[in-house]
Amino acid sequence: TAPNQPIECVPTIVVEDDRTGLSVETLKRAFQDNLFYIQGKFAKIATQNDYYMALAYTVRDRLLRRWLTTAETYTHQGVRTVAYLSAEFLMGPHLGNNLISLGIYDEAKQAIGELGLDFDALLEQEEEPGLGNGGLGRLAACYLDSMATLDIPSIGYGIRYEFGIFDQDIRDGWQFEITDKWLRYGNPWEIARPEWSVEVKLGGHTETYMDEMTSRQRVRWVPAEVVMGIPYDTPILGYKTNTATTLRLWSAAAAESFDFAAFNSGDYFRAVLQKTVSETLTKVLYPNDESFQGKKLRLGQQIFFVSCSLQDMILILTRQGIPLDQFHEKFAIQLNDTHPAIAVAELMRLLMDEHAFEWDAAWSITQKTLAYTNHTLLPEALERWGLGLFGTLLPRHLEIIYEINSRFLEEIRLKFPGDNDRLNRMSLIDEAGERHVRMAHLACVGSHAINGVAALHSELLKQDVLRDFYELYPEKFSNKTNGVTPRRFMVLSNPRLTKLITSKIGDGWIKHLDDLRKLEAFVEDADFRQQWRQIKFDIKQDLADYIKQANGIDVDPASLFDIQAKRIHEYKRQHLDVLHIITLYNRIKANPDVDITPRTFIFGGKAAPGYYMAKLIIKLVNSVADVVNNDPDVRDRIKVVFLKDYNVKFAQRVYPAADLSEQISLAGKEASGTGNMKFSMNGSLTIGTLDGANVEIREEVGAENFFLFGLTTPEVYALKAQGYNPWQYYNSNPELKAAIDRIASGGFSNGDTNLFNALVSTLLYKDDYLLLADYQSYVDCQDGVSRAYRDQDHWTRLSILNSARMGKFSSDRSIREYCKDIWHVKPVAIELKEYVQAGA
Ligand code: AZC
Ligand code: PLP
């Protein structure tokens, strides 16, 4: 052979790349490397957080090729993309979820174990990004997971709050709020992209000028303030796919160039201090769930993230050389409630004032691009901004809204001549009292699609809150029942059940949740039922250990775990649950030997800091707990536990441990609920009203497998119309009266008859949420639950059937429906590229 020919007999040495390799050995090496070179620590001085960070970076490295390939593919192909605009993304911890999506959970666990560290403790170490209040923000997070998993080109746009939802402590039974310093030790999942910053204007005035190029009058906005938006990107990896999409959150910073005058005039100090004002814009999440507070800072947050996001989309197209008249072909924008509804006016402004579009062209693009999801029927949650405040902060947007309104009212006049009431009802401006902009109306007019989040809710929108809009634009309306991701809420949070299910039906269900139906074939298999029951018991034991450590209360894992975990709100009726507990307690006090199915009542949930009644409900739960848990007559048959600080981490712990899920809102008030789905998937039975998605859950699992009680929505309307009188129920129902009396007479407040007075009198004199009307039906239904639980084998059958029939409630199904009916976006498969030459 010639001397320069390669000699074949030298074996190839394969070295797995430390940033991409997935074997246990490579993960160990990469982990140690990151500990040393990224965290700058070695074993002797490393903290738990250093180890967490080292593992997080090890995982992030493995996401990056997928992420960059996804971004490059989308850019290169100019794909149609979903932009999900939401003021809240309640993501929960990333580490475990990314390990599951990458398919290396077990390998990582082994690697960390072999290094002598506690893997679960590292997962626990992650400070969750709590950038949301509850259901609405968590839904946005589930949707990102499903869009990535289904290979849908998508980007989530939101706000990078420095402080997310407060941490809740309980002191003397009362809620105590603590700031959520989630960024304190750094966030390994995000990458700042200051080079893609944009500027947002606020305040000031507008003026007209002659545009030389087009010889037309145009409007110029001269702002009083300019704030810079810096994007921070987090990869969202789909489950076992190459697609990794992006969550892009905006952080506010001072726009230096703007205060140039102050700098030049020598007022350097004032100019620098001024910076801190801009930065407050994204300082903190408003902690109100479903109650509107017309604060200027909040409107500032809304325009800030909406303007940043729209400008970003325009830049993305511009960089690709795509003309803006194709904006609606390239982006489908979903407005998650009205928080981003200012997008209607902002997109118009950007197109007209900054890109020289004429009104009609801009309006056509705007309407074709935007779609609006409504998440609540509660009147107190509907956003309406006083014109004074609105015009001061957004003078140009107000002009645009007036123009949209005048054209819109003209349209109504044509369709409904002479109907002045209708004009007043539908106007974007509420003229009664202090004038307001109605954001839901703006969203309806500016969007091509409007949807509710469960079948009942979507119907009620059409009949009630948005009835006029439905009559005008019936074709815009549809329903998209919510869903939740089984990756986080089953695979990650319930590994034991996942393993059992997979051993029977394979793992296809994780991406095709309808496959869970195959479990029905095993319901009559006694051995399978035994395994199912044992797993539930073990998980309950773990929760019991947690309760012991967190609250110092001993609970019996064999007792019925009855859980209500969600934001505290009167419409959700945690206090109805409490009335039932007191009723059982009264029965025991009347006859200590009464036959009672042992139960552990577990509550979790935060109250909005300014919502007194919700805080009083928390105090009541804790006060009842103190009395019931310590009364020797009770003999441990009932226990009451309030677990503090309900968040995503906590949710993942409690859903799998429930026997009974409490979904007891007044019919017609809960738009959908998503907690209801998470409980049920994990084999919990539901006691619930015909509200929100409960209706559909019951349809799926079968009426015989669901504990139904309470008034229906039409009955609620009828009862209110006829003049509801809570006293009637109180006076005619001895158990109800006894329960309320025990609270009123100081039975849970050491004789203090004042403490719960506000709560008692609200129930007796108002009772907007009809607790008294639903009480008997609820207690009877609970008695049925207690009887059913005594037949453990039968209960297990129902539990299995509940899981098996939850396929509909995967967020994958919801996202497919949005794609098909609203977004018209198709999946794009990602083929992985090599960016790094191995061994080069
Ligand atoms: C919630 C609804 O109350 C809840 O029923 C629903 O499941 C969830 O949205 C997701 O759609 N709404 C909110 O959290 N907040 C607002 C302002 O509607
Ligand atoms: N908060 C957290 C942390 C959650 O995980 C969920 C679950 O969906 C919710 C709130 C919403 O709960 P619900 O649908 O019961 O209101």
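Please enumerate the residues belonging to the stretch 22-50 that are open to solvent by less than 30 Å² (accessible area, probe 1.4 Å) and in contact with a helix residue (DSSP H, G or I) (Cβ under 7 Å, 6 or more places away or on another chain).
Selection gives Val24, Leu27, Ala30, Phe31, Asn34, Leu35, Ala46, Asn49, Asp50.
Quick one: which residue in Leu310, Leu285 is open to solvent by less than 40 Å² (accessible area, probe 1.4 Å), within 16 Å of ligand 2 (Cβ to nearest atom) and modelled with pLDDT of 95 or more?
Leu285 is the lone residue from the list that is open to solvent by less than 40 Å² (accessible area, probe 1.4 Å), within 16 Å of ligand 2 (Cβ to nearest atom) and modelled with pLDDT of 95 or more.
Tally the residues that are without any contact (Cβ under 8 Å) to a residue 40 or more places away in the chain and either assigned by TED's automatic domain parsing to the domain that holds Leu690 or not in a helix (DSSP H, G or I) (or both), restricting the search to the stretch 729-751.
Number satisfying all stated conditions: 4.
In the stretch 601-656, what residues are within 16 Å of ligand 1 (Cβ to nearest atom), in a helix (DSSP H, G or I) and among the aromatic types (Phe, Trp, Tyr)?
Across the stretch 601-656, the qualifying residue is only Tyr655.
Hey, among the residues in the stretch 355-380 that are hydrophobic (A, V, I, L, M, F, W, C), in contact with a helix residue (DSSP H, G or I) (Cβ under 9 Å, 6 or more places away or on another chain) and more than 15 Å from ligand 1 (Cβ to nearest atom), which one's nearest to Ser665 (Cα to Cα)?
Result: Leu370.
Select from the stretch 752-802 the residues that are in a loop (DSSP other than H, G, I, E, B) and open to solvent by less than 40 Å² (accessible area, probe 1.4 Å) and write down the one among them that is farthest from Asp515 (Cα to Cα).
It comes out as Phe756.
Could you give me the residue pairs with C-beta distances under 7 Å whose first residue belongs to the stretch 448-463 and is without any contact (Cβ under 8 Å) to a residue 24 or more places away in the chain, whose second residue is part of a helix (DSSP H, G or I) wherever it lies, and which are 6+ apart or on separate chains?
Cβ pairs passing all conditions: Lys462/Tyr470.
Does Glu124 qualify as being surrounded by fewer than 24 Cβ atoms within 10 Å (Cβ to Cβ) and in contact with a Gly (Cβ under 6 Å, 6 or more places away or on another chain)?
no
How about the stretch 194-204: which of its residues are surrounded by 13 or more Cβ atoms within 10 Å (Cβ to Cβ) and out of contact with any Phe, Trp or Tyr (no Cβ under 7 Å at 6 or more places or on another chain)?
Once the filter is applied, which keeps residues that are surrounded by 13 or more Cβ atoms within 10 Å (Cβ to Cβ) and out of contact with any Phe, Trp or Tyr (no Cβ under 7 Å at 6 or more places or on another chain), the stretch 194-204 yields Trp196, Ser197, Val198, Glu199, Leu202, Gly203.
Taking the conditions exactly as written (touching a residue at least 12 places away in the same chain (Cβ under 8 Å), open to solvent by less than 10 Å² (accessible area, probe 1.4 Å) and within 13 Å of ligand 2 (Cβ to nearest atom)), does Ile617 satisfy them or not?
No; evaluated as a whole, the condition is false for this residue.
(1) in contact with a strand residue (DSSP E or B) (Cβ under 7 Å, 6 or more places away or on another chain); (2) within 16 Å of ligand 2 (Cβ to nearest atom): which one isn't true of Leu377, the others all being true?
Of the numbered conditions (1) in contact with a strand residue (DSSP E or B) (Cβ under 7 Å, 6 or more places away or on another chain); (2) within 16 Å of ligand 2 (Cβ to nearest atom), the odd one out for Leu377 is (1).
Hand me the list of helices (runs of 4 or more DSSP H) wholly inside the stretch 241-354 holding 1 or more residues that are within 24 Å of the chain's Cα centre (by Cα) and assigned by TED's automatic domain parsing to the domain that holds Phe166.
Output list reads 296-319, 343-349.
Assigned to a helix (DSSP H, G or I), touching a helix residue (DSSP H, G or I) at 6+ places or on another chain (Cβ under 7 Å) and either outside the structural domain of Leu690 (by TED's automatic domain parsing) or not hydroxyl-bearing (Ser, Thr, Tyr) (or both), is that true of Ile822?
When the stated conditions are applied, Ile822 does not pass them.
Any idea which residue in the stretch 134-154 is nearest to ligand 2 (Cβ to nearest atom), counting only those that are within 27 Å of Pro287 (Cα to Cα), open to solvent by 10 Å² or more (accessible area, probe 1.4 Å) and out of contact with any helix residue (DSSP H, G or I) (no Cβ under 8 Å at 6 or more places or on another chain)?
Across the stretch 134-154, the extreme among qualifying residues is Gly134.
Are there helices (runs of 4 or more DSSP H) fully within the stretch 674-728 with at least 3 residues that are within 16 Å of ligand 1 (Cβ to nearest atom) and assigned by TED's automatic domain parsing to the domain that holds Ile664? List them.
Helices (runs of 4 or more DSSP H) meeting the threshold: 675-681, 694-701.
Which one is nearest to Ile697 (Cα to Cα), of the residues in the stretch 423-454 that are among the basic types (Lys, Arg) and not in a strand (DSSP E or B)?
Ranking the candidates gives Arg425 first.
The values are calculated or read from the model by the stated rules, or taken from the named source; none is laboratory data. Being a predicted model, the structure only gives us computed values, none of them experimental. All Cβ positions, glycine included, derive from the backbone under ideal geometry; neighbour counts span all protein chains shown. Heavy atoms of the whole protein, side chains included, go into the accessibility calculation; ligands, DNA and RNA do not. Shrake-Rupley method; radii C 1.70, N 1.55, O 1.52, S 1.80 Å.
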